[in-house]
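Following: one structure in structure tokens, then a few remarks.
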Amino acid sequence: MSAAAQFSAILRKDLTRELRTREVLVSVFLFVMLSLVIFHYAFASAESDLTFFTGGMLWVTFLFGALLGLNRSFAQEKDEGCLDGLLLCPVDRVTIFLAKTAANLVLLLAIQVVAVPVFTLFFVERSYLGDLPLLAGVVLLADLGICALGTLLATISMNSRARDLLLPVLFLPLIVPLLIAATSATTAVFTGDTGLGDLGVRLVFLVAFDAVFLVAAYGTYDFAIGE
Amino acid sequence: MADPHPGHGRPEIEVEVEGLRKTFGRREVLRGVSFALERGGFLAVFGPNGAGKTTILRVLATLLSPGSGSVCVAGHDVREDPMPVRRAVGLISHSPLLYPDLTAYENLRFYADMYGVEDREARIDELLDRLELSHRRYDVVRAFSRGMRQRLAIARAVLHRPRVLLLDEPHEGLDPRAVDILDGLLAEIRADHTFVMVTHHIGKGLELASRVMIVDAGRVAYEHAAGVDADAFSAVYHEHVQEGSAQ
């Protein structure tokens, strides 16, 4: 049995479950849309162009939305007593991490595919279609960091009775650097400030952040998912 | 010249536990458990609740690491070389280890892919047929009764043809028909498998086992070849458990 086959088996299983129950998709999507409505009414009277603030609004919303999903990704395995079944299998623990990260990434991307156009329709006054590949790159890099760090920390916190509290306490301080880089890179795309200077630095930072936490997970996941 | 068959002339040991200790926090659950089981053997483990029986099974299954001591399953150390142990072991536990929102088929396909079962579809068909679950193949497990889940759990545990089967109270919660199916299946695969079964059913344990062991307060209180009369064993059990239940 190859690691690739095991990876796709875990990914398919997680996505099949989610498509059947829609537990994460519905709750995160509702949260994202509710945030949009609140932001819209909060800034309704503002005369100024809100394009500059859209990156921040988007990433704060996605970050808290992702937390809802990350909390569920291992809680389901644990609550339904299936984690032992997964750990009994002759699978490298890093493969479990990568498959769980990929499943969280797919769900987050599915929500963003709908939410980003809707958000920008309300708040961004400039057409950014020409910079769409750049925006996709920023979103993908930031999502990978959120899901890699989040999956690692969700695994660590799943054995705690206070896991719903522990995950945000561990996750939010560590994700702040990524949040700042993703926000300023996204804002740069929306405002058309796409010169390679500042934006390039932020993209390099996002790549480095992803690499650090993927390597950290590779080295520690066996312990994180153990007893 | 070295003997090409070093185990020749004596039974090959499939499960070997030596001085196993395990602590949770400050509580020592296993206090130097040792036993060995030859290939094809069937060990029934008895003992009161909290004696450490399930912990032994979880260590054998690599779900818990041994605190100290050595544990070898199918010729591999569970701490140093867990992957071949996981390939060699199947576990039937209290919990069915099935995903309630997936169908019976999806659950078995998932585990078959994880174990790399080559004849996946034929094996799933065979087991669903054998466990009389073919008609519920595409139903989600959430809709199954407790007995049906347990039958599907048996299919999951033997799907990859494990050499060593670990059974934790396998008859618990089964209706008489399911008990017959389980016993029939165990009898069928008895010859070429090694079994370690934790149970409270003295009669059932003595009926199936080739060796019996009583664990109490984290220690092996009694070990003997099977073939003991149920009443006599019951007396031995109460004698050892009363003596050793100081935990």
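Below, the figures for the structure above:
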item	result
FRET E, pair residue B:122, residue A:215, Förster distance 60 Å, beta-carbon r, rounded to 0.05	0.90
Top positive-direction residue, dipole computed over the stretch A:3-225 with Cβ charges, set A:104, A:146, A:83	A:83
Residue A:127-residue A:44 pseudo-label distance in nm [points 7 Å out on the Cα-to-Cβ vector]	3.0
Charge dipole magnitude, Cβ of K and R +1, D and E -1 - the stretch A:3-225, Cα centre, debye nearest 20	500
Of the trypsin sites (Lys or Arg not before Pro) in the stretch B:82-166, those whose Cβ has at most 12 other Cβ within 10 Å and which sit in DSSP loop	none
Selected from A:163, A:126, A:93 as most flexible by GNM, with chain A as the system and alpha-carbon contacts under 10 Å	A:126
As computed over chain B, the Cα convex hull volume per residue (Å³)	145
Hydrodynamic radius of the protein assembly as shown per Kirkwood, over alpha carbon pairs, in Å	25.1
11 Å reach of a label modelled at residue B:49, 7 Å along Cα-to-Cβ, counting backbone N of the stretch B:167-205	none
Total charge dipole magnitude, the protein assembly as shown, about the Cα centre, Cβ charges on Lys, Arg, Asp, Glu only, Debye to nearest 20	420
Span per principal axis, largest first, for the Cα atoms of the stretch B:110-247 (Å)	51, 29, 28
Calculated FRET value between residue A:23 and residue A:162, using beta carbons and R₀ = 30 Å, to 0.05	0.90
Simple spin-label estimate for residue B:234 and residue B:94 in nanometres, 7 Å along Cα-Cβ	2.5
Fraction of the pair-distance distribution of the stretch A:64-198 above 26 Å, Cα-Cα pairs, percent	32
Packing rank of A:99-105, B:72-78, A:141-147, where each peptide gets the mean count of other beta carbons within 10 Å, highest leading	A:141-147, A:99-105, B:72-78
Nearest-ten-degree value, helix B:120-130 long axis tilted from longest Cα axis of chain B	80
Debye intensity ratio I(q)/I(0), log10, the stretch A:108-186, q values 0.12 Å⁻¹ (C-alpha model)	-0.44
FRET efficiency for residue B:134 and residue B:13, using Cβ-Cβ distance with R0 set to 51 Å, rounded to 0.05	0.85
Rg(Cα) / (2.2 N^0.38 Å) computed for chain A, rounded to two decimals	1.05
Cα convex hull of the stretch B:15-91, projected area averaged across orientations, nm²	5.0
Net charge dipole size for the stretch A:152-227 [Lys, Arg +1 and Asp, Glu -1 on Cβ; Debye, nearest 20]	140
Vicinal HN-Hα couplings computed from phi for the stretch A:166-178 (Karplus, 6.51 cos²θ - 1.76 cosθ + 1.60; Hz; Gly/Pro x)	5, 4, x, 5, 7, 6, 4, x, 6, 8, 3, x, 5
Packing-based ranking, highest mean first, of A:171-183, B:222-234 given that Cβ atoms within 10 Å are counted	A:171-183, B:222-234
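All of the numbers you see were taken from the coordinates with simple rules; none came from a lab. Just so it is clear, the model here is predicted, and its values are computed rather than measured. So basically every Cβ, Gly included, is an ideal-geometry build from the backbone, and we count neighbours across all protein chains shown.
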